[in-house]
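Q: This is the structure I have questions about; it appears just below.
Derivation of every value follows stated rules applied to the coordinates shown; laboratory data play no part. Nothing here was measured: the structure is a model prediction, and the numbers come from that model. No Cβ is skipped: glycine too gets one built from the backbone with ideal geometry, and neighbour counts run over all protein chains shown.
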Amino acid sequence: MKSAKQEALELIDTLPDDVSTGIILEEPLFLQTIKERIAEADRGETVSHEEVKKRLEAWRRSNGR
């Protein structure tokens, strides 16, 4: 298994030479978030579409929208 440092270095190596510092900092965080969400889904820790709609509607009502 690759270390986090090795993964970060490999990711940075794929970016173009003129990439901004902001992208260099954001890209690993973005990929880590995706990996975490995939792991959650693999464990069945998801919310149904219907539940999301209910929560969204409740949130809208609570904020007076």
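Q: Of a type in the set (Lys, Arg), exposed (fewer than 10 other Cβ atoms within 10 Å of the Cβ) and more than 19 Å from the chain's Cα centre (by Cα): is that true of ARG55 in this structure?
A: no
Q: Restricting attention to the range 1-35, report how many residues are loosely packed, with under 10 Cβ neighbours inside 10 Å, assigned to a helix (DSSP H, G or I) and of a type in the set (Asp, Glu).
A: 1
Q: Between a first residue in the range 1-20 that is within 19 Å of THR33 (Cβ to Cβ) and a second residue that is exposed (fewer than 10 other Cβ atoms within 10 Å of the Cβ), which pairs have beta carbons less than 8 Å apart while being 6 or more apart in sequence or on different chains?
A: GLU10/LYS2
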